[in-house]
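So the structure is just underneath, and the comments pick up after that.
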There are 2 protein chains.
Amino acid sequence: MREEKEIFGKYLSRHNFRDTPQRELILDVFLKSKEHISAEELYDIVKKLDPSIGQATVYRMLKLLAEAGLAREVDFGDCVKRYEYNYNQPHHDHLICRGCGKTVEVVDDVIEEMQKRVAEKFGFELTDHAMYLYGLCENCRKKRTNKFVLTTYFVF
Amino acid sequence: MREEKEIFGKYLSRHNFRDTPQRELILDVFLKSKEHISAEELYDIVKKLDPSIGQATVYRMLKLLAEAGLAREVDFGDCVKRYEYNYNQPHHDHLICRGCGKTVEVVDDVIEEMQKRVAEKFGFELTDHAMYLYGLCENCRKKRTNKFVLTTYFVF
DNA sequence: ATAATATTGAGAATGATTATCATTTTCTAT
DNA sequence: ATAGAAAATGATAATCATTCTCAATATTAT
């Protein structure tokens, strides 16, 4: 936590950006937040602690955090940008349940390696990737079996 | 082309949806379109052929096509829904150049298999996935090398 | 043909995000 | 410490893709 603040502080001074109480508060809240927080969700928490903070500042701050390498943008396909803590965290992708929305962080070295090779096969140098695996978790599979044995579309 | 229209026709009658000239025109244009077309792009073509067609109809039609299995939704991360032709097309993912936006359709059996296994490892039954590999194509790499030898961020 | 119902087009509404801009705050050089 | 330059803020308007609403129209089964 202290370390992250230092990193952010260095990022600010390196870019001639300024250290403000708003940024400090938002950083605090972000570091304590649960994974995959959206700007709106973060703003809801922040404004309880300081109602004078505007939501534009929260949006701006999340962008800064991503640029500083402390946050990573994730997109579960609903067109809402979510941010997860990214400092000293190993890279991972996401497994998401189509039934209940539960997410699991996953990583597989073979996949990572093959991605690099596929890119190279087409003359690309891989910079990054987005991989989201969608499925049904155990619970939701049980629900489906009981209620809709013949259903082919998963609509709960 | 005839086959796709039949499939769509069956889809309509199966759901008690109606066959309208608007739907026929939009289907025609979609089938002739190049890959990864957005609703807006499709609408631009359609309205040249029949200016009386509203854009809501195009949006509605793309949703129908996806439900009928003729189109597949793809999302390159810019929050614009794009649709690609999906009938009798083998599944594939996308490799996208961060420099110029060029896309390549790719598929790798090892990755596909490992995705299934990863999901199973966590008790999930994989239903589908989204995988986008981002990188720099050969051309854009050359540009970068020439102009910004020491740059670590790829901003063209 | 008719009735029932689906579809349409225009425009309003939405929802997340960004831009604008006057005001306030921070930093740096004195 | 303080002034002056530059950056940040908050309120609000704007944006953009998409969806909704609804009255008018078109399609289909009878």
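Considering helices alone, the calculated mean residue ellipticity of the protein assembly as shown at 222 nm is -14500 deg cm²/dmol, with DSSP H runs of length four and up weighted by -39500 (n - 2.57) and normalised per residue. Put the label 7 Å from Cα along Cα→Cβ for A:M1; what are its distances to the other copies, in nanometres, shortest first? Spacings between copies for this position, smallest first, are 6.6 nm. Ranking A:A130, A:I96, A:V107 by how far each Cα lies toward the positive end of the dipole of segment A:93-147 (charges on Cβ) leaves A:I96 at the top.
Position A:E125: other-copy label points at 4.4 nm, ordered by increasing distance, label point 7 Å along Cα→C-beta.
Across peptide B:90-101, the mean count of Cβ atoms from other chains lying within 10 Å of each residue's own Cβ comes to 2. Within 10 Å of the Cβ of each residue in B:134-143, the mean number of Cβ atoms contributed by other protein chains is 4.
Ordered from longest to shortest, the equivalent ellipsoid semi-axes for the protein assembly as shown are 38, 25, 23 Å, each the square root of 5 times a Cα gyration tensor eigenvalue. Between copies, A:D50 shows label-point distances of 5.7 nm, shortest first, with the point placed 7 angstrom from Cα along Cα to C-beta.
Within 10 Å of the Cβ of each residue in A:106-113, the mean number of Cβ atoms contributed by other protein chains is 4.
Probing with 1.4 Å while keeping every protein chain in the model, the per residue accessible area of segment B:1-89 equals 61 Å².
Rolled with a 1.4 Å probe across the full set of protein chains, the surface gives B:K143 an accessible area near 100 Å². Taking all protein chains together and a 1.4 Å probe, the residues B:F76, A:F124 rank B:F76, A:F124 from largest to smallest accessible area.
Here is the interface size for B with A: some 3200 Å² of accessible area buried, both sides summed, with a 1.4 Å probe. Taking all C-alpha pairs of segment B:53-92, those more than 13 Å from each other amount to 55 percent. The alpha-carbon of A:K142 sits under 27 angstrom from the alpha-carbons of these lysines, leaving out residues fewer than 8 places away in its chain: A:K102, B:K116, B:K121. Taking a straight Cα-Cα cut-off under 24 Å and skipping sequence neighbours fewer than 8 places away in the same chain, the lysines within cross-link reach of B:K5 are B:K32, B:K34, B:K47, B:K48, B:K63, B:K81.
Quarter the surface of the alpha carbon convex hull of segment A:93-147 and you get the mean projected area, 4.7 square nanometres. Evaluating kT/(6 pi eta Rh) at 4 °C and 1.567 mPa s, with the Kirkwood radius of segment B:1-89 over Cα pairs in the Stokes-Einstein relation, gives 99 µm² s⁻¹. Just so you know, the Cα atoms of chain B work out to an Rg and Dmax of 19.4, 62 Å.
The values are calculated or read from the model by the stated rules, or taken from the named source; none is laboratory data. For clarity, every value in this text was computed on a predicted model and none was experimentally measured. Here Cβ is always computed from backbone atoms with ideal geometry, including for glycine, and neighbour counts include all displayed protein chains. Side chains included, ligands, DNA and RNA excluded: accessible areas come from the protein's heavy atoms. Shrake-Rupley method; radii C 1.70, N 1.55, O 1.52, S 1.80 Å.
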